[in-house]
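Below is one structure; the comments refer to it alone.
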Amino acid sequence: MSYAYRYINLLTIICITFLSQRASAQLSKTHYIPPLTNADSNSSNPSDQYFYISTPSNTDIAYTIIPVGQPSSSYITGLVSNSNPSEIAIGSGNTQLFVPPNQSSTVVFNKGYIIEAESQVYVSVRMNAGNNLSQAGALVSKGSSALGTVFRVGAFTNASGRTFNNQGVPSENLLSFVSVMATEDLTTVVFSDILNDTEIENFGGNFPLNIVLNKGESYTIAMNSYSVTFPDNNKDGLIGALVTSDKDIVVNCGSANGSFHNGDGRDYGMDQIVGVSKIGSEYIFVKGDGDNNWENILIVGHSDNTSISINGNPAITTINAGEYYVIEGNNYSANENMYVETSQDVFVYQGIGATNN
């Protein structure tokens, strides 16, 4: 799955695509990486994880990777230049990067990362998952462009949330999440537009939910798509959720695992997103190498009565704030691109794939 923001330039990182108004949008001296989470299943459990740091600078730039809440002895330092990018392994399993789902829905002070550099750098995070490394995912840090106070969550629709494994046991390895990190002390974060008729991991409260975070602290909401109590609501129950704050925060969201298709295929699909001030009403997408069933576009409304048009044709539907619409892959043109225009600004996520499975 991919997150898109405003207008046209396209950057693809494995299963995540991010549309930027200019190529420098992810360049920054400071990068915040809120923790991730995943379904508690063998095929989605995190394996090896890496930071990739690069820069257009021809001279060396010093960087420091700060594991939040850890002593300075655990900091990772290095130099990077245009001809010398860095790949940094940060461990395997439930590392500093991951919050296990049964430990979500709590304020966390010792997960995630902050990367500081002397000048502007790019930062991406990549990982494998599963006992046989059957899953993989990545996200691109948006640097200072990630800071905002109003966000709408996107994830896979997880239509196969009630599939069964070979032993006839319900599958529980489809999970969607949203994770936020504060950039200032005493930041109030509000999670809303989430039905109370859903089942949240490690949570028994109601929404709206107010949380107070200090700088570097994070909070993760995880929703497994399989639920005995709310079998329909849990599949896509986080899509369109509203996250607001009184000071700048950074948001990661997506699915681990998940899918836009109703078959057995699934994968990591997540990204770091931007706030409402950086979204738009015109988007251009380039098709990946997958089947139309998962080469989909997810439109998440932020305002009522938002119409959606594809490739210059009349509007095909109208959605309200917090609602979503999935555009199937058969709407790509013969040149394998798609132009989407909406009557009001929207949050947009793109799913891409490879081969026919």
In the list (i) 4, 16, 21, 18, 14, 12, 10, 4, 1, 0; (ii) 5, 24, 33, 24, 10, 3, 1, 0; (iii) 6, 27, 36, 24, 7, 0, the entry giving P(r) over Cα pairs in 10 Å bins from 0, in percent computed from the coordinates is (iii)
Between residue 335 and residue 228, the FRET efficiency computed from the C-beta separation at R0 = 45 Å comes out, to the nearest 0.05, as 0.45
Quick one: which residues, 5+ away or cross-chain, put their amide H under 5 Å from the amide H of residue 296? H built at 1.01 Å from N.
351
Enumerate the aspartates and glutamates that residue 111 could reach by cross-link, defined here as Cα to Cα under 14 Å, with residues fewer than 8 away along the same chain left out.
217
Extend 7 Å from the Cα of residue 284 along its Cα-to-C-beta direction; within the range 320-340, residues with backbone N under 12 Å of that point are 337-340
Taking GluC sites (Glu not before Pro) as exposed when in a DSSP loop with at most 15 other Cβ atoms inside 10 Å, the chain has its longest clean stretch at 1-183
Towards the positive end of the charge dipole of the chain, with charges on Cβ (+1 Lys, Arg; -1 Asp, Glu), say which of 222, 159, 286 has the farthest Cα.
286
For the chain, set up a Gaussian network in which alpha carbons nearer than 10 Å are linked by springs, and say which option among 255, 303, 192 fluctuates the most.
303
Find out how many positive minus negative residues lie around residue 185, taking Lys and Arg as positive, Asp and Glu as negative, among other residues whose Cβ is under 11 Å from that of residue 185.
0
As a percent rounded to 5, the proportion of antiparallel DSSP bridges among beta bridges in the chain is 95
Among 76, 65, 319, which one shows the highest mean-square fluctuation when the chain is modelled as a Gaussian network with alpha-carbon springs under 10 Å?
76
Neighbour net charge for residue 260 - beta-carbon separation under 13 angstrom, K R +1, D E -1
-3
Note down the relative contact order for the chain as a percent, whole number, built from C-alpha pairs under 8 angstrom at least six residues apart.
21
Under a straight-distance cross-link criterion of Cα-Cα below 19 Å, which aspartates and glutamates are reachable from residue 287, leaving out those fewer than 8 residues away in the same chain?
267, 271, 295, 328, 336, 341
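Under 8 Å for C-alpha pairs, at least 6 residues apart: give me the relative contact order for the range 170-296, rounded to a whole percent. Show your work: numbers first, answer last.
Details: 242 pairs, mean separation 38.8, N = 127.
Relative contact order, the range 170-296: 31 percent.
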Can you return the aspartates and glutamates within cross-link range of residue 215? Criterion is Cα-Cα under 17 Å, with same-chain partners fewer than 8 residues away left out.
116, 184, 185, 246, 248
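Quick note: the coordinates plus some simple rules give every number you see, no bench work behind them. As the structure is a prediction and not an experimental result, all values here were calculated from the model. Because the Cβ atoms are built from the backbone with ideal geometry, glycine has one as well, and the counts that use them run over all protein chains shown.
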